[in-house]
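Let me begin by presenting the structure, written as structure tokens, before commenting on it.
The values are calculated or read from the model by the stated rules, or taken from the named source; none is laboratory data. Everything numeric in this text was worked out from a predicted model, so none of it was measured. Cβ placement follows ideal geometry from the backbone for every residue including glycine, while neighbour counts extend to all protein chains displayed. For the accessible areas, the whole protein counts, side chains as well, though only heavy atoms, and no ligand, DNA or RNA atoms are used. Shrake-Rupley method; radii C 1.70, N 1.55, O 1.52, S 1.80 Å.
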Amino acid sequence: MTELLNATAITKRYGGITALSRADFSARAGEVHALLGENGAGKSTFIQILAGAVRPDGGTVTLAGSPYRPRDPQEAQRSGIAPVFQELSLVPDLTVEENIWFRHEPLSAVRTVRARAMREATLELFARHRFPSIRPDQELRRLTLAERQVIEIAKALSRDPKVLILDEATSALGPQETEWLLGLARGLADAGSLVIYISHRLGEVREIADRITVFRNGATVAAYDTQAVDDETIITDMLGRRMDRLYPERKKTSTDTVALGLRGFGVDHRLSDIDLDLREGEVLGVAGMQGHGQRELFQALFGIGGSRGTVDVWGKPKTIRSPRQALTGRDGLALVPEDRRNHGLLLAKSVRENLTLSVIQRFTRFGITDPRREGALVDEMIATLKIKTGTPEQLAGTLSGGNQQKVIFGKMLLTEARILLLYDPTRGIDVGTKGEIFQLMRDLAAKGYAILFYSSDLAELVHVADRVAVLRNGRLAAILEGEQNSERQILRAAMLETRAA
Amino acid sequence: MTVATSSPSELAHRPSRAAIWKSALLDRASLIIPCVMLIGLLLVYASLRDGVFTLDELNLDTAAAMTLILAATGQTIVLLRGGIDLSIGGMISLGTVLAATRFGTDPAQAAAWAFGIVAIGGLVGALNGILITALRLQPFLVTLATWSILSGTAMIILPTDGGSLPSGWTMFGVSTKLGLSSSVWLLAVLLVFWIWFKRTRLGIAIRATGSNERSAFLSGVSPIGINIATYGLSGIFAALAALYLTTQTGAGSPTIGKDYILPSVAAAVIGGISLFGGRGGLVGTIIGAFILTIIGNLVFVLEVSSYWQPIVSGIILLVAVLASSIAEKSARRSLS
Amino acid sequence: MNIRRHRAILLAYLGMIILLLLTSVVAPGFLSATHLRSTAVLAAFIGIVALGQTFVIIGGGIDLSVPWVLNSAAVLMTLLANSQDAPLLWIVPMLLAAGALVGMINGLGVAIFGVPPIIMTLAVNVILQGGILVYTGGAPTSTAPKAIQFLAVGRIAGFPVVLILWIVLAAFATILLSKTAFGRHLYAVGTSATVAEFSGVPTLRTTVLAYTLSGFTAALAGMLLTGYTAQAYLGMGDPYLFTSIAAVAIGGASILGGTGHYIGTIAGALVLTILTGLLPALNLSSGALLIVYGVVILVTVSLASEALSSLFAALPRFGRQRGPAA
Amino acid sequence: EGKTYKIYLSNNFVGNDWRQQMLRIAETVVKKPPLLGRVDLKIENVETTTQAQINSLNNIIRTKPDAILVDAGSPTALNPTLEKACAAGILVISFDQVVTADCAYKVESDWNMLPAVQAEWIAEKIGGKGKVFVDRGLAGAPISEQLQSGFEKVLKTYPGIEIVGYFNGNYALGPEQEGVASLLAAHPQVDAILTQGYGSGAIKALQDAGRPLVPVAGGGYNSASLVCAQTEGAQCILETNPAYLSAEAIKLAVDILDGKEAKEKHIFVYGPFQSTHPAPSKLYPDVKMQQIEIGKTAFPDLAPGLSLPISPDWVEITPQEAAGT
Ligand SMILES: Nc1ncnc2c1ncn2[C@@H]1O[C@H](COP(=O)(O)OP(=O)(O)OP(=O)(O)O)[C@@H](O)[C@H]1O
Ligand SMILES: Nc1ncnc2c1ncn2[C@@H]1O[C@H](COP(=O)(O)OP(=O)(O)OP(=O)(O)O)[C@@H](O)[C@H]1O
Ligand SMILES: [Mg+2]
Ligand SMILES: [Mg+2]
């Protein structure tokens, strides 16, 4: 079988930062080809080059034997390459269907969009690929991140691509949707397309990929058949070092002190009657199918949107109507939000400004900020989380996806709040750092922090959380502990009634 | 609906009908609210003056608002793109002086120049678009500069108000068909244009680029192309506004254009268009322009003493916008 | 100093220097100490109005009420003081507070009720204009008190008093923007109000404070300007609307918020003042003047544009091998 | 007859002292004989835009008043609207900034005579030779054009006089002062300054730059007169555009409505010049020129923005009434 896509010695620099240095990549039609590498390795940059969004400084690409040098994304689309971008390429003010068919809408004789045809095409596309049902006529801004992710996939598929690129397309998806996407990718490959698959979830990669290419520091370090290689080798190639274990040892560190007590907590019709105690020293997992109230729980606890019921924080009743009321130093609550680009990061501001935005008073004396103290905090956090940034002054928006997530995590840690609301904190983070973050969570718990932890990856909940609270239709369906805390049990509790309903 | 075994469950549980309605209303709040505002103003106005709900009133008010509406149409397109166009001030002035000095008495010559003026508007706008993209300058600065350059050109052609237009030309606004003045018909044409335009690929791309520039680019929108089209259209509508204006004034003026810069933005913003791009449409802008015009009528029939006139019009504007902002805010809160 | 962050500001100054050199070619007298001094004094008035405008724009808003806050303060000051110096002791603080209050009302309308800044401040501007006409009956007022005239045109050891005032204010603004929590919050709110809110930034207070400051500086500028012309007159604030916004924009700020600095605005104020000073010396017709004005603005700000400065950045790499396109 | 007429005054701009005084005089004069009880006066101000004035005039026309007086934002742009008013049988009188519509009466100052007399006075004062600055007024404004070309026409007849610089005074003190200051920096030598605004701004600019005072032409405002009277060595000629043009327009309207035929459709109102050094004009031998003098033409106790003279000869308006204090 001949190679469909062949890239050699691709180089891309951003000022002083080298994103890619002579990276090679080759893939065949009809395969799922995984592209792996730690955060900032250059995967997304490579994808953007293929997508025509970025022009390389050097190197050559051939597509089906002929030179391929897209001048802009449009040209890439015409060549049959459809990317699902890590940062998504959706427009908040267009509807779902307008987003999917953007730039290739069905046109009438007077060159206007045929709404009926577009609706039919959307439903047909959804049905053909068994998409989760999402109303095609809503504005995209009303969708959750997971829903947006799905629409981005639909958008790519709408072009019937020869090459489908999935850049961390599963990072915001729950187990079921992930399963669906893997099936979909497999199906496309079997039908003769090339699927380039980027993910930090090795399990998925193993399940689906035929071959794997690994990038490190912008260069290709390895390429192999999935069958012929074990996880340890892949991880070592990615990180450039060995990693002992992903999940930390779980020691019971929780005390009897209730850090966060909820009674009759609810958010309009989406969440109700939640009674829950989060203890000091505990990592309490939250699970559930997408859209069953997890994000409402986290946001409402942080003072976003209204809520009802009582909230006790460290034994005292507390009203939280805004993030400002939540973030009250060591006694407060801090959140890693779901939507990092719209809620978590000032993309146009530096890493430093982002990290310290919530804690300016920590380095302010007599009303004047002290750059040295700020610098110390920032440097420490960059080192702790291994944030890959040229300097602390690099704009957050130019960091790799995983490193953006690390900045948000660091920003939350700096608040010193001892109740942490972690909504999918490891989304898009590479295995190496993931392990470190889990370790950090356990260490913090041991220090008396209380952590509420949602993850779209059930394995993380099972291995890191002490207990897991499962939500179903906005209600608490079960609290699983010990033996009960397994992926199977979580899924059972989360879905049992959904089927019936 | 087909439920296949490998299809994931629905991402979210189904919203109720009421919730769907509510979100549909909310999506249109920025249009509904100015509508309510306008209706409220009209009711107050009608209680103070006879014959408000007649064709005559419609004809008069449309003529009064039409130049602003045309200017604001271009501005709307630019605002949807997330930009701003101050140069319409210069283009309107230039358009009126060209018309007043070049039309002559020969209808053919006048028609040729009318097309010429529209073409100049498009070219100047396209130039704005090119400068903004190529120099990566803020639209505010580029169009501030071209506003000045166009005004200067207008002033060289005609140093002060004057010139003349063919007598048939100034009859345009007065002539009626089926009881409706040609201004009303023009408005109808404009609405038809908009219904068409907003559903073209270009119309969608302009809105999308204003909503999220990066996403639009990744989806295949050409940055320079979109700017040329956006500002070009704005220039064309400024030229049309100039031509319409001359039917009302029968003369050229090298300074008259600046009167439409801020009001064109205000009309659009009242009509629900965000300066940050992406949201709103021409219908809102037209309503905004009528609101501004009706406020003038209202202050007239209120017969307030002359010094109080600006205060009263300011307060009416503020109260109307405040009421709508509060309504929209509480609607949003009740939803999420 | 971080070159990348401040490139726009540096280039605004570069533009200013180029303009000064150009000026000296056209009219050598322009580089005389006397004229530089009077240019700086005129720039000070724009600079002070644009100070508040800078804060508002960085925070993602815009203040169109500047003209009549300025004019009201000027008219009320001369009316109440009646050419006497003594009453200024209470009049000046009172009017500054009143200006700040108007700004605060703007800010509250924008931040609490979500009124678009353009409409809020436009309406307040019109209401103030009417209010002043009603209150004074449109009556012309007395000459400015001597003390105010001293502030505006007086000199201490040959150095204009108003410049000292400007320098103090500029230092204050710079510290506020660069060195305080308020400054950080303002940039955050201007970049993304949602992210700022999620980060615990007091978005409401921050926005209101920016507008308050703008009301304050507009009132201050109004009184100083009265000292300069020795009397208040209706319409004296009008030229300061677009000028203040343009100064901020030329100084490198985006009018959509989140970027910019007062240091840049200072250059913007100087560019505009030098330009309006230079143009009459060219002896052009009114029309030609407007054309030259537009072209010079375009050329000057182009210097500050990223496009040209990235060309700069690429210069040392010209020798190397180019990408696949080459 | 004694009938009361409904008269609208449409004014496009309220933002300067002159317009304010004009409006106050209109309001005052209808409360005094001979107009007492004859006029139901309604004033409609609009904010500067021509469009707003057109809209406002349309509203006025719909109420079918007896007469419309208009201080216009544009000499031509209101014509179609005003012609509509005439056609509806409404008497239209434009004053101050007049319109070109044929059917409208016009009441204004003589903008040919005013600049000519000032330029002649200046030229004679500097002995027919020297360098002068000329104010271009407000870019695009019709009166600015007339004043500028009026200055130039007379100055051209003196071969020794050279116009070395133009500035835009915008009829406001600040811009006048700034404009002259800039020109002074560029020109080491200047012998006279012709402004369209106050003149006092030019004097202040000369003083600030440490230059000797030169003859200055300006407008007849109390402040200008005061500066000329109180400044040692000042040489001024101030023209008058009387703010009581509104009163003249009202009186004309009542007279015409009463059935008195107006002698002409285009009526000029003349006010006296004021000067520190009055001199007869050869071009217009009939003009009156008053000596600038504290208490006669300049009043330290009155508002600086007051336009002089205050009253027409057929009615007595006090300075307090004119100043609104
Ligand atoms: N516009 C830019 N300016 C500066 N640096 C950039 C820019 N875009 C990317 N980079 C840098 O290039 C490097 C590679 O980024 P890239 O996004 O390709 O990583 P990645 O492999 O996709 O990582 P992740 O797994 O975290 O998504 C990073 O160090 C990033 O900071
Ligand atoms: N599906 C949803 N359910 C509940 N709240 C949502 C949903 N989608 C968005 N939101 C909330 O609505 C608010 C507005 O979101 P949106 O993304 O429209 O922001 P925006 O201000 O328009 O951003 P931008 O200016 O970048 O377009 C945010 O606070 C967001 O959290
Ligand atoms: Mg990536
Ligand atoms: Mg938006």
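Listed values, structure above:
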read-out	value
Among D:GLY73, D:GLY295, D:GLY305, residue whose mean-square fluctuation peaks in a GNM of chain D (springs only between Cα atoms under 10 Å)	D:GLY295
Across the protein assembly as shown: Cys residues that no other cysteine approaches within a C-beta distance under 4.7 Å	B:CYS35
Relative contact order %, the range B:218-331, counting alpha carbon pairs below 8 Å whose residues are six or more apart	14
Interchain or long-range residues, amide H under 5 Å from D:LYS106's placed H	D:SER94, D:HIS266, D:ILE267
Three-way shape call for the range D:204-305 based on the alpha-carbon gyration tensor, with the a/c threshold at 1.5	prolate
Radius of gyration and Dmax over the Cα atoms of the range A:364-488, both given in Å	17.0, 56
Accessible surface buried once A binds C (1.4 Å probe; total of both sides; Å²)	2600
Too-long pairs where the Cα-Cα distance tops 26 Å, listed order kept, from D:LYS125/D:LYS265; D:LYS84/D:LYS265; A:LYS316/A:LYS349; C:LYS146/D:LYS288; D:LYS3/D:LYS64; D:LYS84/D:LYS153	D:LYS125/D:LYS265; A:LYS316/A:LYS349; C:LYS146/D:LYS288; D:LYS84/D:LYS153
Chymotrypsin sites (Phe, Trp or Tyr not before Pro) restricted to the range C:110-216 and DSSP loop, no more than 13 other C-beta within 10 Å	none
The range B:16-68, Rg to Rh (Cα coordinates; Rh as Kirkwood inverse mean 1/r)	1.18
Over 16 Å [Cα-Cα, the range D:1-71], rounded percent	50
For chain B, alpha-carbon Rg over 2.2 N^0.38 Å	1.09
Dmax and Rg, reported as Rg then Dmax, of the range A:258-495 (C-alpha, Å)	17.5, 56
Once exposed loop GluC sites (Glu not before Pro) are cut out (DSSP; at most 15 other Cβ, 10 Å), longest piece of chain D	D:2-231
Under the Karplus curve 6.51 cos²θ - 1.76 cosθ + 1.60, θ = phi - 60°, whole-Hz ³J(HN,Hα) for the range D:299-316, x wherever Gly or Pro sits	10, x, 7, 9, 4, x, x, 5, 8, 10, x, 8, 10, x, 7, 9, 7, 9
Inter-part distance where the range A:259-325 and the range D:189-229 are each reduced to a Cα centre, Å	74
Chain B: DSSP helices with Cα axial extent of at least 27 Å and average Kyte-Doolittle hydropathy no lower than 1.6	B:29-48, B:282-302
Quarter of Cα convex hull surface for the range C:34-313, i.e. mean projection, nm²	16.5
Centroid-to-centroid separation of the range D:35-57 and the range B:274-296 [C-alpha atoms, Å]	27
C-alpha center-to-center spacing [the range B:69-133, the range C:126-179] in angstrom	40
Rg/Rh ratio calculated on Cα atoms of the protein assembly as shown (Kirkwood radius)	1.01
Distance between modelled label sites at C:SER285 and D:LYS129, nm, 7 Å Cα→Cβ extension	3.2
Accessible area expressed per residue, the protein assembly as shown, with surrounding protein chains retained (probe 1.4 Å, Å²)	36
Within 10 Å of each Cβ in A:367-374, the average number of Cβ atoms from other chains	3
Size descriptor, Kirkwood hydrodynamic radius, that averages inverse alpha-carbon separations across chain A, Å	23.8
Loop-resident sites, the range A:205-288, for trypsin sites (Lys or Arg not before Pro), counting at most 16 other Cβ within 10 Å (DSSP)	A:ARG241, A:ARG242, A:ARG245, A:ARG250, A:LYS251, A:LYS252
Volume per residue of the C-alpha convex hull in the range A:91-160, rounded to whole Å³	82
Area buried, chain B against chain A - accessible surface, total, 1.4 angstrom probe, square angstrom	4000
Chain pair B, C: total accessible area buried, heavy atoms, 1.4 Å probe, Å²	3700
Chain A: antiparallel DSSP beta bridges as a percent of all, rounded to 5	55
Cα gyration tensor shape of the range C:45-163, rounded if a/c is under 1.5, else prolate or oblate by comparing a/b with b/c	oblate
Dipole magnitude (debye, nearest 20) for the range C:34-313, charges at Cβ of Lys, Arg, Asp, Glu	380
Mean separation of Cα contacts under 8 Å, 6 or more apart, over the residue count of the range A:1-129: relative contact order %	20
Residue (of B:GLY288, D:ALA139, B:PHE276) at the positive-pole extreme of the protein assembly as shown, dipole from beta-carbon charges	B:PHE276
Kirkwood Rh, Cα atoms: Rg over Rh of the range C:125-213	1.17
Neighbour count of at most 16 Cβ within 10 Å plus DSSP loop: longest trypsin sites (Lys or Arg not before Pro)-free window in chain C	C:1-319
Cα convex hull of the range A:360-407 - mean projected area over all directions, nm²	3.6
Kirkwood hydrodynamic radius (C-alpha pairs) into Stokes-Einstein, the range D:86-223, 10 °C and 1.306 mPa s, D in µm²/s	101
Relative contact order (percent, whole number), chain A, Cα cutoff 8 Å, 6+ residue spacing	16
Summed side-chain charge close to A:ASP160 - residues other than A:ASP160 whose Cβ falls under 13 Å, Lys, Arg +1, Asp, Glu -1	+4
Distance (nanometres) between label positions extended 7 Å along Cα→Cβ at C:ILE112 and D:THR4	4.5
³J(HN,Hα), Karplus 6.51/-1.76/1.60, whole Hz, each residue of the range A:408-417, x for Gly, Pro	5, 4, x, 4, 6, 4, 5, 5, 6, 4
Table column - 3J(HN,Hα) (Hz), the range A:282-289, Karplus curve with 6.51, -1.76, 1.60, x for Gly and Pro	10, 10, 9, x, 10, 10, x, 5
